[in-house]
Amino acid sequence: MTPGFGVPSEVLQWDQEARERYVEYAKRGTQKVHHARGMIVGCAGAGKSTLLKRLLGCSEEEIKKVKSTEGLEVHEEIFELCDETKSLKVRHADHRSKKKKATNIEPKTLTLFDFGGQCAYYACHQIYLTRRAFYVVVVDASKRLDQKVDKEVCDQDGSVFSGWTYGDYFVFWIKSIHTYCGSDNEKDPKPTVLIVATHWDKRNRQFHDENQLMESLSCQIPKSSHLAQYIRDDKFFLADFNLPLRDLEISFFNIASNQRWNEKIPKEWSFFGIEINQKKILQRIINVSEIKTAASKITDRGERASNKVKNETLDMLRYYHDAGKALYFNENGLGDKVIIDVQWFIDAFKHIITDKLHFKGIPVTQRDWNEYYNTGKLGDQLLVEIWKHKDEELFEKLKNEEKSSEGDEYENEEKSYGDDKRYLQSHKESLLSFMQRLGLLAIGTESHYVPCMNRKEIEKEFPDFIKESQCKSSVLVYQFDFLPFFLFFRLVVACMQEDGWKVLQNQGTSCLYKNAALFSEVGNNIVLSVTEESIQLQVFCPVQGWFLETRTTHRIQERIEELLNDLAGTFYKKILFVRGFRCQMDKEKMIAFDIKEHFLPGKDIPNGDLKLMCPLHSVNDRHIIDTTELTRYWKL
């Protein structure tokens with residue numbers, strides 16, 4: 001199988017046995033589809049939603065009503081490609097369905113994703129960042145790149161993004177795209193990235209011309225990185241919103257017309273795409289058993305080949321999951337459900353992390369809100385009230401729509417919505433399970449933990465608590481070229497689910513912080529911390545007289561690395577890390593939140609019981625390294 005024959009890129013990543021099954025499905029007939037996807041990303045307030053509205057040809061009145069996107073908005077097949085005019089034609093849902101019925105021809109379409117720029121929403125972006133898309137990075141030309149982002153635009157104070165500038169967010173998105181979708185191998189295809197400078201028509205724009213802006217953006221890129229390849233003059237656009245965006249539209253058309261979007265999927269799978277569009281309005285989540293029953297009817301094999309139907313169904317669900325059209329995990333506790341309305345799922349998480357000002361009137365105390373927004377501890381009752389509030393809004397909306405359509409005949413004024421499958425509350429358990437699987441939160445009984453909401457600083461006494469421990473390991477450092485902060489959040493959530501691991505408590509408060517987490521396990525304490533480019537691990541005994549055994553630290557190290565490798569493997573280009581140590585100050589054996597210019601790779605440490613001059617600081621700031629103290633508890 002080769003990409004040139006229209007095999008979906010997701011299928012090409014499957015194991016040999018699954019690919020062979022795909023060939024068998026394809027022999028029974030395929031359906032050709034041409035469906036491109038674009039992701040519009042950038043800092044909050046950059047004009048992403050306005051840019052999309054301009055491309056849609058919205059009126060000035062509609063554009064004035066544009067509000068900053070919260071979370072993520074999926075505009076499914078919103079454009080059709082017109083080959084004659086090389087333009088994008090806006091498609092409406094009713095028009096789309098009519099055209100399919102009339103001609104039975106699949107048009108070439110383009111879906112656009114509008115990513116919310118507020119940093120709290122970045123946790124759920126992992127679901128959609130994929131090589132199966134092109135990217136539009138939007139920058140605000142009216143802002144200096146060294147200017148800190150306005151608090152009213154992005155509430156980043158106290159978060160891991162605290163103090164970030166507009167330039168920092170630009171680099172963050174370029175790094176994210178490269179990490180999720182790119183490759184350092186020159187032979188591999190690169191993700192397509194367009195850079196669009198908005199507000200070019202403003203008097204207060206900060207750049208004289210395109211060259212100055214491109215040069216300024218290039219200066220933001222770290223030296224010796226592969227990221228400069230994404231800043232190209234043929235992929236750079238200046239958006240003057242007083243003029244038609246014809247050049248950008250042509251670029252979208254040319255990208256979306258590429259043959260890479262041509263795919264052939266088994267005809268036996270195409271029914272599920274129709275099921276998704278038809279059922280997600282009323283159900284949101286469906287049982288796998290329903291899909292298997294429908295698949296049996298489509299394939300006309302009935303009960304005689306139930307195992308075969310099962311495998312085919314799971315392959316189909318895997319494809320739709322990989323393509324971002326559904327959420328499905330063939331795992332214990334999750335394998336019986338499929339989320340067919342991914343936008344609804346994203347919105348469910350968005351409601352959890354939305355500013356509390358949007359939820360006035362919810363009957364919980366100010367203390368509950370403050371605890372959640374400062375520590376990420378989400379009381380179950382607060383969660384229930386948040387989703388109940390959104391369900392009530394939906395209920396009123398649907399009721400008004402029914403009134404408008406039925407007029408005087410409307411009789412459902414007091415209709416209950418508790419068991420209606422369109423609402424969040426009826427799917428609470430499933431929603432939480434999927435969110436935990438994606439590392440968005442950790443499920444508890446009376447409360448849940450949402451890492452991206454934690455703004456709590458590690459207490460001052462804890463460094464002393466660790467420092468005073470007489471039996472502790474050195475700090476093992478996992479250094480990354482680029483470390484998405486949410487990889488650390490997902491690691492913490494995974495550790496919270498480990499058997500025998502408990503979050504350390506301090507006077508009834510969980511020791512979970514925005515950049516660190518402390519656990520206890522079989523009489524030992526474990527510290528995990530994160531910096532801009534590293535995750536650090538340390539193990540120590542909390543009781544005087546206890547001894548730390550290497551088999552214990554080795555076991556903990558192996559488990560952490562298993563989790564890291566599993567999480568890093570979810571990226572297209574598996575995120576690699578290098579083990580090592582912080583050369584300086586490690587005699588205190590303390591986690592450090594600044595290891596720049598102090599990271600010593602394990603491979604550079606010679607074997608044997610040695611004391612040697614630090615190879616990183618042999619002139620200025622000279623110091624001695626005790627190799628035994630660094631390495632005695634760790635497997636390198």
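The values are calculated or read from the model by the stated rules, or taken from the named source; none is laboratory data. These numbers were taken from a predicted model, which means no experiment stands behind them. Every residue, glycine among them, receives a Cβ derived from its backbone with ideal geometry; neighbour counts consider all protein chains shown. Ligands, DNA and RNA are excluded from the accessible area calculation, which covers all protein heavy atoms including side chains. Shrake-Rupley method; radii C 1.70, N 1.55, O 1.52, S 1.80 Å.
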For peptides 80-88, 143-151, 542-550, sequence by mean Cβ density within 10 Å, most packed first
143-151, 80-88, 542-550
Taking the Cβ of V193 as the centre, find all other residues whose Cβ is under 9 Å away and add up their charges (Lys, Arg: +1; Asp, Glu: -1).
+3
Kirkwood Rh, Cα atoms: Rg over Rh of region 338-397
0.99
Would you kindly derive the ³J(HN,Hα) couplings of region 41-46 from the backbone phi angles with the Karplus curve 6.51 cos²θ - 1.76 cosθ + 1.60 (θ = phi - 60°), listing them in order in whole Hz, with x for Gly and Pro?
10, x, 5, 4, x, 6
What ³J(HN,Hα) values, in whole Hz, does the Karplus curve 6.51 cos²θ - 1.76 cosθ + 1.60 give for region 599-616 when θ = phi - 60°, with x put for Gly and Pro?
8, 10, x, x, 5, 8, 9, x, 6, x, 7, 10, 10, 9, 5, 4, x, 7
Using 10 Å bins from zero, what percent of all Cα-Cα pairs in the chain falls into each bin?
3, 14, 23, 25, 20, 10, 4, 1, 0
Listed by chain and number, the residues whose amide H is under 5 Å from that of L112, excluding neighbours fewer than 5 places away on the same chain and using placed H, are G38, H75, E77, I78
Placed amide H near Y135: partners under 5 Å, 5+ positions off or other chain
M39, T192, V193, L194
Pop out the carbon and sulfur fraction of the accessible area of region 21-75 as a percent, whole number, probe 1.4 Å.
47 percent
Taking the Cα centre of the chain as origin, work out the dipole magnitude from +1 charges on Lys and Arg Cβ and -1 charges on Asp and Glu Cβ, in debye rounded to 20.
1320 debye
Sort the following peptides by mean Cβ neighbour count (other Cβ atoms within 10 Å, averaged over residues), highest first: 432-442, 167-177.
167-177, 432-442
Run lengths n ≥ 4 of DSSP H only: what is the helix-derived mean residue ellipticity at 222 nm for the chain, with -39500 (n - 2.57) per run over all residues, to the nearest 500?
-11000 deg cm²/dmol
Mind scanning K175/K456; K350/K456; K32/K421 and naming the pairs with a C-alpha gap bigger than 24 Å?
K175/K456; K32/K421
Pull out a ≥ b ≥ c, the square roots of the eigenvalues of the alpha-carbon gyration tensor of region 442-493, then state rounded if a/c is under 1.5, prolate if not and a/b is larger than b/c, and oblate in the remaining case.
oblate
For S87, residues with placed amide H under 5 Å, excluding near neighbours
C82
Greater than 28 Å separation of Cα atoms is the criterion. Which listed pairs, K264/K428; K190/K223; K360/K502; K267/K337; K108/K399; K89/K388, meet it?
K264/K428; K360/K502; K108/K399; K89/K388
Simple spin-label estimate for R246 and Q366 in nanometres, 7 Å along Cα-Cβ
5.8 nm
N204 versus Q13, label points 7 Å from Cα toward the beta carbon: distance in nm?
4.2 nm
Vicinal HN-Hα couplings computed from phi for region 72-81 (Karplus, 6.51 cos²θ - 1.76 cosθ + 1.60; Hz; Gly/Pro x):
7, 10, 9, 9, 5, 6, 7, 10, 10, 7
At a threshold of 8 angstrom on Cα-Cα distance, excluding pairs fewer than six apart, so keeping six or more, what relative contact order does the chain reach in percent?
12 percent
